[in-house]
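Right, I'll just put the structure down here and ask away after.
The values are calculated or read from the model by the stated rules, or taken from the named source; none is laboratory data. Values in this document were obtained by computation on a predicted structure and should not be read as measured data. Cβ atoms come from the backbone with ideal geometry, glycine included; neighbour counts cover every protein chain shown.
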Amino acid sequence: MTTPTPTSPSSAGKLVRRARLGLALIAALLAISASRPAQADPFRFAQFDPVAGTDSNGLPIYNTWFSGTGTANKQLITTTSTGTTKVVVPITFQFTAFSGLLPAALLGPQAATLEIDLMVLNGVSTSGSRLTQTLGAGSITIRRSSTFMGQDLLLRADLVGGELSGRQGSTVGNSDVSVTAGDSITFSSSFLNFSQATTEGVTLDLNPLFPTIQRDNRGTPTTADDALRNFRALVSGQFSVDGRITVQAIPEPGSLTLLALAGFVAGPVAVARLRRRRAG
């Protein structure tokens, strides 16, 4: 008959700690699994808003301009309230994720600048009262107003495809691009590596918009100059991604080491928090 070996108090404590750690790891994995978005609903990780203002007449200062005239050079660009030349405009930018990994200086609202340069293809399609025009190729660039560790590129989206649309007569419109047939988006940043992303999306909200969205009726719907009428708007935007991404930790002063962590979007944040708890 074998007598069981008694478990010492120190061994029992180790077993309890291991059990607790195991439960914590399981909880973290469940949280990652539950919070990972589906392919059809990418995770929104960043957004920007205009620095709104009014002119001497109390009217909104618009920062985007849509040119729909002629048979070429249709474009959506950032510009001044009255100008027609592409410029950069002030915005407030914010990463809405990665608080466990990004440096504190990059968290919260960031003073930044926005440059939109999107070409627009000919032809307007109509569905009921909604007007839609297809985007060609272009870019959306957001830079930090001051550099951090010598870098300022918060986010850039190079894209092909998508659409610019709104209800006819409305002062609200939107531009939407996602990776579907014929669309492509490539994100880049000084602080994030998107090489492992599988689904990406950009949405621009145009509001207020003046004058209202209308079809330019100088040509018939089958002619090359058929386009939306010129308009101006304030613009805000959201950026989303799904799949796996690599989050790069920016080196602090005196350190040249880059820490690259790969995981599902919610994963690195949950793991970083778990490690902090364990270290505490």
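What strands (runs of 3 or more DSSP E) completely inside segment 153-200 contain at least 1 residues that are of a type in the set (Val, Ile, Thr) and more than 24 Å from Asn230 (Cα to Cα)? Reasoning before the result, please.
Details: elements: 163-167, 173-178, 184-188.
It comes to 184-188.
Being part of a strand (DSSP E or B) and either modelled with pLDDT under 75 or not assigned by TED's automatic domain parsing to the domain that holds Gln47 (or both) narrows it down to one residue among Gln248, Gln238; which is it?
Gln248
I'm told Ser139 meets every condition in (1) surrounded by 15 or more Cβ atoms within 10 Å (Cβ to Cβ); (2) assigned to a strand (DSSP E or B) except one. Can you identify the failing condition by its number?
So the condition that Ser139 fails would be (1).
Which condition does Phe95 not pass, out of (1) touching a residue at least 60 places away in the same chain (Cβ under 8 Å); (2) closer than 30 Å to Gly182 by Cβ, if it passes all the others?
Exception for Phe95: condition (1).
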